[in-house]
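The values are calculated or read from the model by the stated rules, or taken from the named source; none is laboratory data. Keep in mind it's a predicted model, so treat the numbers as computed, not measured. With ideal geometry, Cβ positions are generated from the backbone for all residues, glycine too; neighbour counts draw on all protein chains shown.
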Amino acid sequence: MSNALAVVILAAGKGTRMKSSKPKVLHDLIGLPLISHVLSSAKELKPKDIVVVLSPEQKEVKSVLDGCHVVYQVNPLGTGDAVKAAVEALGQFDGTVLITFGADPLIESRTLRKITDARNIEDPPDVVVFGFKAPTPNTYGRLLQNSQGELQKIVEAAEAGCINQSIELYNGGAMAIDGHKLPGFLDCLEASNSKGEYYLTDIIEISNQNGGYVSIVEGDETEALGIDTQQDLAKAENIMQSRLKSQMMSKGVSFVAPETVFLSYDTKIGRDTRVHPHVVFGKGVYIGKNCEIKSFSHIEGAKVGNGSIIGPYARLREGADIGNEARIGNFVEVKKSQIGEGSKVNHLAYVGDAEIGASTNIGAGTITCNYDGFHKYTTKIGSNTFIGSNVALVAPVEVGDGAIVGAGSTITKAVPEDSIALTRIETRQVSGGASRFRAKKQSKE
């Protein structure tokens, strides 16, 4: 027997119960399409080949299937028929064929490895089935075992009314099958069920009838969750979020209320960082060590250096690069900008397409005017610079090191280093003017 491994991912289901125009396997889970999670787990096993079975209407799914063979199941005649299409693409294959499902994203690579490893023994089973215990059967297929615990057959949920014995384990979907025998098993399938489909699960009986045997690898029910509805997707999101946060906490990240925080699949957070309630991390976020991320902040595509404080109510957008020991405060938005070490943008400011040096203070209400309706321009602010409140910096413009810009100024020209820039007009006061103004207005009423 060859130790080679091929993976077949069945993803031809139309997903009508999702009530969406998007193919089911392209719905996002922690920032990645469902099928990408399955692919990631499969690739960790380093298979010789990966074949993905789609329906002809799902060609857009190919965009996330780099390095895979794609075949199409023209007529939806069940899982057995779908695997036939994949086997034709594999050709003669004498190793193990791992079957999994594109809308079952929670099964982990370590579980898939256990399933495939169960065939790497001297007298290997024809088939290894992923099974699990559950308090209620729901729509799970039933694993029927004999008195010795050997798997005799799998009964699909739609046919479960005929079962007259107690059930301990349910079908988790994934299977590892002898690649040499698989084509023969498929040829023996019959569509003699209520749906008129070819059930892949019928190969259990076929193997037993031909002198083979089938073993079970038991796992957790959560890994068997298939996504068929929006409710399933929300449940899977909750499970994956819990996994990610648990992994981070085990590495020294602190979450005040983890159930209120949302991470992405690629979120990186350093040790001793404290995340307050109601924070959202989008894709591409790196948070350094010893940071504090305060409540109601939204961070995506951004990098935050060690020891920085973000929020509350801060928004860091794509390209925000916050230096060490910096402060980004409440109602501050930063986009495609570098904020130097120790600099502060504490409240009510917009910093876009900017480069800000170290130890600089940006006052409340300050904005970088980076867009003229046609193009984006850059604002450069040096180190040890003070920008007063309600300043408009009209890009492209540069403020030198150590300069001071007075509150309420509109800066359209370069400010040299160590200079003071002030565009405020002189205040004019008219004694008694307020009373005369009111009297004039009242006389017209």
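Quick check on my filter: what residues within the stretch 64-106 are within 18 Å of residue 154 (Cβ to Cβ) and within 25 Å of the chain's Cα centre (by Cα)?
Of everything in the stretch 64-106, those that are within 18 Å of residue 154 (Cβ to Cβ) and within 25 Å of the chain's Cα centre (by Cα) turn out to be 98, 99, 100, 101, 104.
Looking at residue 119, is it in contact (Cβ under 8 Å) with a residue 12 or more places away in the chain and not aromatic (Phe, Trp, Tyr)? Let's see the steps before the verdict.
Details: in contact (Cβ under 8 Å) with a residue 12 or more places away in the chain: yes; not aromatic (Phe, Trp, Tyr): yes.
Here the answer is yes, as residue 119 does meet what is asked.
What are the residues in the stretch 121-153 that are of a type outside the set (D, E, K, R), surrounded by 13 or more Cβ atoms within 10 Å (Cβ to Cβ) and under 33 Å from the mean Cα position of the chain (by Cα), if any?
Matches in the stretch 121-153: 127, 128, 129, 130, 131, 132, 134, 137, 140, 141, 143.
Of the residues that make up the stretch 165-181, is at least one assigned to a helix (DSSP H, G or I), at pLDDT 95 or above and either small (Gly, Ala, Ser) or in the same structural domain as residue 146 (by TED's automatic domain parsing) (or both)?
No, there is no match, as no residue in the stretch 165-181 is assigned to a helix (DSSP H, G or I), at pLDDT 95 or above and either small (Gly, Ala, Ser) or in the same structural domain as residue 146 (by TED's automatic domain parsing) (or both).
Which residues, counting only those in the stretch 62-82, are aliphatic (A, V, I, L, M) and in contact with a helix residue (DSSP H, G or I) (Cβ under 6 Å, 6 or more places away or on another chain)?
Looking only at the stretch 62-82, we keep the residues that are aliphatic (A, V, I, L, M), and these are 64-65, 70-71, 74, 77, 82.
Selection gives 64, 70, 71.
Please find, within the stretch 40-87, the residue that is nearest to residue 265 (Cα to Cα) out of those that are exposed (fewer than 12 other Cβ atoms within 10 Å of the Cβ) and among the charged types (D, E, K, R).
The residue in question is 66.
Here are 415, 399, 332: which of them is modelled with pLDDT of 95 or more, within 23 Å of residue 298 (Cα to Cα) and not hydroxyl-bearing (Ser, Thr, Tyr)? Quick ask: steps written out before the conclusion?
On the way: 415 fails: within 23 Å of residue 298 (Cα to Cα); 399 fails: within 23 Å of residue 298 (Cα to Cα).
That would be 332, the only listed residue that is modelled with pLDDT of 95 or more, within 23 Å of residue 298 (Cα to Cα) and not hydroxyl-bearing (Ser, Thr, Tyr).
Could you identify the single residue in 193, 208 that is surrounded by fewer than 19 Cβ atoms within 10 Å (Cβ to Cβ), assigned by TED's automatic domain parsing to the domain that holds residue 18 and part of a helix (DSSP H, G or I)?
Just one listed residue meets the conditions, 208.
Just checking, does the stretch 161-182 include any residue being surrounded by fewer than 22 Cβ atoms within 10 Å (Cβ to Cβ) and among the β-branched types (Val, Ile, Thr)?
yes
Tell me, which residue of the stretch 44-84 that is free of Cβ contacts under 8 Å to residues at least 12 places away in the same chain and not acidic (Asp, Glu) is nearest to residue 118 (Cα to Cα)? Don't jump to the end; show me each part of the working.
Residues of the stretch 44-84 free of Cβ contacts under 8 Å to residues at least 12 places away in the same chain: 59, 62-63, 66, 75.
Remaining after also requiring not acidic (Asp, Glu): 59, 62-63, 75.
Details: 59: 34, 62: 31, 63: 33, 75: 33 Å.
Within the stretch 44-84, the match that is nearest to residue 118 (Cα to Cα) is 62.
Test residue 116 against the criterion of being hydroxyl-bearing (Ser, Thr, Tyr) and buried (at least 24 other Cβ atoms within 10 Å of the Cβ), and give yes or no.
no
If you go through the stretch 412-426 one residue at a time, do you hit one that is within 16 Å of residue 350 (Cβ to Cβ), crowded, with 20+ Cβ neighbours inside 10 Å and either in contact with a strand residue (DSSP E or B) (Cβ under 7 Å, 6 or more places away or on another chain) or in the same structural domain as residue 334 (by TED's automatic domain parsing) (or both)?
no
Picking from 252, 226, which residue would you name as being under 29 Å from residue 269 (Cα atoms) and assigned to a loop (DSSP other than H, G, I, E, B)?
Result of the check over 252, 226: 252.
Taking the stretch 256-305 as the search range and keeping residues that are among the aliphatic types (A, V, I, L, M) and part of a loop (DSSP other than H, G, I, E, B), which one is nearest to residue 243 (Cα to Cα)?
Only one residue fits best here, namely 263.
Restricting to the stretch 213-266, count the residues that are without any contact (Cβ under 8 Å) to a residue 24 or more places away in the chain, within 18 Å of the chain's Cα centre (by Cα) and more than 30 Å from residue 143 (Cα to Cα).
Here the count works out to 9.
Quick test for you: out of 334, 304, pick the one residue that is touching a Leu at 6+ places or on another chain (Cβ under 7 Å), buried (at least 22 other Cβ atoms within 10 Å of the Cβ), under 20 Å from residue 362 (Cα atoms) and not aromatic (Phe, Trp, Tyr).
The conditions single out 334.
Being touching a helix residue (DSSP H, G or I) at 6+ places or on another chain (Cβ under 8 Å) and over 11 Å from residue 9 (Cβ atoms) is the filter here; which residues of the stretch 83-92 pass it? Please lay out each step first, then the result.
If we filter the stretch 83-92 for residues that are touching a helix residue (DSSP H, G or I) at 6+ places or on another chain (Cβ under 8 Å), which is where we start, we get 83-84, 87.
Within the stretch 83-92, 84, 87 qualify.
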